[in-house]
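Enquirer: Below: one structure in structure tokens.
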Amino acid sequence: SQLAEGLTRGVEGLGDRVSGALFEPVVRLGVTGLARAGKTVFITSLVANLMDRGRMPGLFAASEGRIAAAFLQPQPDDTLPRFDFEHHLAALTAPEPHWPESTRAVSELRLSLRVRPTGLLAGVTGPRTVHLDIVDYPGEWLLDLALMDKSYEVWSAEVLARIEKRPEAGAYLAALGGVDPAAPLQEPVAQGLAQGFTAYLHAARDAGFYDCTPGRFLLPGDLAGSPVVTFAPLPEGPAGPRKSLRAEMARRYEAYKRDVVRPFFRDHFSRIDRQVVLVDALDAIHKGPQAVEDMRRAMADILGTFRPGKNAFLTRLLIGKRVEKILFAATKADHLHHNQHPQLTAIMAALMREARDRADFAGAETEAMAIAALRATIEEQLKHEGRDLDCVRGRLLDSGKQAVLYPGALPDDPGVLLSASRSGATGWLDGEYNVMRFAPARLNLRPGEGPPHIRLDRAAEFLIGDRL
Ligand code: GDP
């Protein structure tokens with residue numbers, strides 16, 4: 001009841017006061033998603049909108065006027081790069097706005113909120129401080145968890161079976177034909193294979209495949225060129241002598257797990273309380289049924305990483321800890337007229353239900369939504385062959401010209417799309433579905449107003465509303 005809730009919050013509030021600054025609650029919010037899913041834009045717009053709350057009616061603490069102040073503070077982790085909020089916001093709000101640089105590694109930002117309590121004690125206790133620590137990291141790194149319980153031999157066999165028929169892998173598979181894994185290691189051979197495999201991963205990702213691990217091959221950061229990212233899968237065969245190509249590849253694979261994957265999960269992932277997973281669902285839909293099928297599998301894999309007990313390595317790491325809420329958000333919903341948002345939400349919800357089933361996931365509260373962190377379009381109706389079409393208008397990224405987009409109609413029943421992707425169909429929606437890339441719109445923000453968005457306030461309410 002409201003009374004009980006008021007009391008609980010009041011008591012929490014008292015607790016905060018009693019122990020003063022020593023007890024200021026911290027919420028660690030993980031933001032992830034594959035490259036270009038929209039993490040950088042999401043964090044930038046979320047923080048800007050939490051600082052200027054004029055557009056956050058769906059975040060109840062904001063609409064109730066209980067957030068007295070929101071300000072950036074030095075983050076708790078001194079060795080992590082800071083999320084470059086000011087720079088990214090400047091890009092989006094410039095007179096000639098442009099999209100900021102995308103996420104390439106893990107970074108962090110602390111936003112502190114002064115919040116007035118609700119309920120009975122509202123008039124008695126003063127505002128308390130809640131710290132929101134936002135941790136941005138590539139989703140590719142998350143998928144690396146699957147490597148932790150796998151030997152090099154098993155990993156190699158699985159990867160080679162999976163990519164056998166993919167045209168993107170043709171060059172790499174051909175290169176494999178020319179090497180003898182049992183021969184003594186020659187560094188240029190190892191490098192050539194690693195480069196070939198990395199080129200395959202890039203091509204596969206661009207084609208819409210999500211199973212593109214090891215994640216650091218795509219985003220190596222300061223590991224570029226080091227031995228931990230200079231290995232590749234080799235076909236089955238005898239182990240070979242200790243100094244063989246195969247033995248060295250296996251050794252580097254183990255080093256990758258031990259020195260790259262493990263520290264990430266131990267130092268960052270294991271400390272997350274709430275998680276948002278951003279998904280460029282429209283892009284996958286645009287690419288076709290295979291990309292949606294792959295996205296569906298990736299969502300299950302990602303949920304699997306949050307499932308305690310699934311992975312022996314992670315279970316040891318997460319003793320007594322678990323992420324409490326996970327939001328799967330389809331980004332860039334401003335590519336659709338709002339009439340189609342329910343369809344996009346329904347597709348995300350159906351994908352998430354399936355991912356939950358597949359990953360046999362229970363525990364954290366999950367939700368699916370369609371959002372746009374930064375709205376780059378306005379809605380418009382066009383007459384076409386006697387029909388009214390619900391379109392969006394924006395400035396094209398490539399030419400800078402204004403364009404009106406009719407992306408095609410998403411089916412009312414998400415099952416239509418999902419069963420087409422499951423059946424391995426090669427095209428759908430009469431080939432009608434289209435995406436354009438828009439530039440960010442010029443903004444004319446009034447004081448107190450954050451950048452325009454779609455349902456970012458609802459996303460924030462789900463993720464942190466209960467802690468405010
Ligand atoms: P990251 O790699 O996950 O950090 O992705 P970014 O946040 O850099 O976003 C990648 C690209 O997606 C941007 O450069 C934009 O072109 C586009 N994008 C991201 N968010 C939005 C959005 O809310 N609306 C629109 N129209 N485009 C977006």
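The values are calculated or read from the model by the stated rules, or taken from the named source; none is laboratory data. Every value quoted in this text rests on a predicted model; they were computed, and no experiment measured them. So basically every Cβ, Gly included, is an ideal-geometry build from the backbone, and we count neighbours across all protein chains shown. With ligands, DNA and RNA removed, areas are computed over all heavy atoms of the protein, side chains included. Shrake-Rupley method; radii C 1.70, N 1.55, O 1.52, S 1.80 Å.
Enquirer: Could you check segment 332-353 and list, in sequence order, the residues that are under 23 Å from N311 (Cα atoms) and either surrounded by 17 or more Cβ atoms within 10 Å (Cβ to Cβ) or not assigned by TED's automatic domain parsing to the domain that holds A37 (or both)?
Expert: L351, M352
Enquirer: Determine which member of the set G363, G408, G386 is open to solvent by less than 10 Å² (accessible area, probe 1.4 Å) and either more than 16 Å from the ligand (Cβ to nearest atom) or over 30 Å from R442 (Cβ atoms) (or both).
Expert: G408
Enquirer: Oh, and also: Among the residues of segment 108-130, which ones are open to solvent by 10 Å² or more (accessible area, probe 1.4 Å) and in a strand (DSSP E or B)?
Expert: R110, R114, R128, T129
Enquirer: Only helices (runs of 4 or more DSSP H) wholly contained in segment 32-102 count here; list those with 2 or more residues that are in contact with a helix residue (DSSP H, G or I) (Cβ under 6 Å, 6 or more places away or on another chain) and either open to solvent by less than 60 Å² (accessible area, probe 1.4 Å) or within 15 Å of the ligand (Cβ to nearest atom) (or both).
Expert: Where helices (runs of 4 or more DSSP H) fall fully within segment 32-102 and carry at least 2 residues being in contact with a helix residue (DSSP H, G or I) (Cβ under 6 Å, 6 or more places away or on another chain) and either open to solvent by less than 60 Å² (accessible area, probe 1.4 Å) or within 15 Å of the ligand (Cβ to nearest atom) (or both), they are 39-51, 85-93.
Enquirer: Only one of these is in a helix (DSSP H, G or I) and of a type in the set (V, I, T): T198, T213. Name it.
Expert: T198
Enquirer: Given the conditions (1) under 26 Å from T40 (Cα atoms); (2) open to solvent by 30 Å² or more (accessible area, probe 1.4 Å); (3) modelled with pLDDT of 95 or more, which single one is not true for A175?
Expert: (1)
Enquirer: Follow-up. Tell me which residues, restricted to segment 56-95, are of a type in the set (D, E) and touching a residue at least 24 places away in the same chain (Cβ under 8 Å).
Expert: Hits for segment 56-95 are E64, D77.
Enquirer: Still on this structure, I have one more. Here is a list of conditions, (1) within 14 Å of the ligand (Cβ to nearest atom); (2) at negative phi, and K332 meets all of them except one; can you say which number that is?
Expert: (2)
Enquirer: Answer with yes or no whether A194 is open to solvent by 10 Å² or more (accessible area, probe 1.4 Å) and in the same structural domain as V229 (by TED's automatic domain parsing).
Expert: So A194 fails the test.
Enquirer: Name the residues in segment 131-164 that are open to solvent by 40 Å² or more (accessible area, probe 1.4 Å) and part of a helix (DSSP H, G or I), would you?
Expert: A146, E153, V154, A157, E158, A161, R162
Enquirer: In segment 178-191, which residues are part of a loop (DSSP other than H, G, I, E, B) and loosely packed, with under 14 Cβ neighbours inside 10 Å?
Expert: G178, D180, Q186 - these are the residues of segment 178-191 that are part of a loop (DSSP other than H, G, I, E, B) and loosely packed, with under 14 Cβ neighbours inside 10 Å.
Enquirer: While we're looking at this one, here's another question. Restricting attention to segment 202-215, report how many residues are open to solvent by 30 Å² or more (accessible area, probe 1.4 Å) and either touching a Cys at 6+ places or on another chain (Cβ under 9 Å) or closer than 14 Å to V261 by Cα (or both).
Expert: Here the count works out to 2.
Enquirer: While we're here: Is it the case, given these coordinates, that I302 is farther than 30 Å from N444 by Cβ, within 16 Å of the ligand (Cβ to nearest atom), in a helix (DSSP H, G or I) and open to solvent by less than 30 Å² (accessible area, probe 1.4 Å)?
Expert: In short, yes.
Enquirer: Which of the numbered conditions does A346 fail, given that it passes all the others? Conditions: (1) in contact with a Ser or Thr (Cβ under 6 Å, 6 or more places away or on another chain); (2) modelled with pLDDT of 85 or more; (3) among the hydrophobic types (A, V, I, L, M, F, W, C).
Expert: (1)
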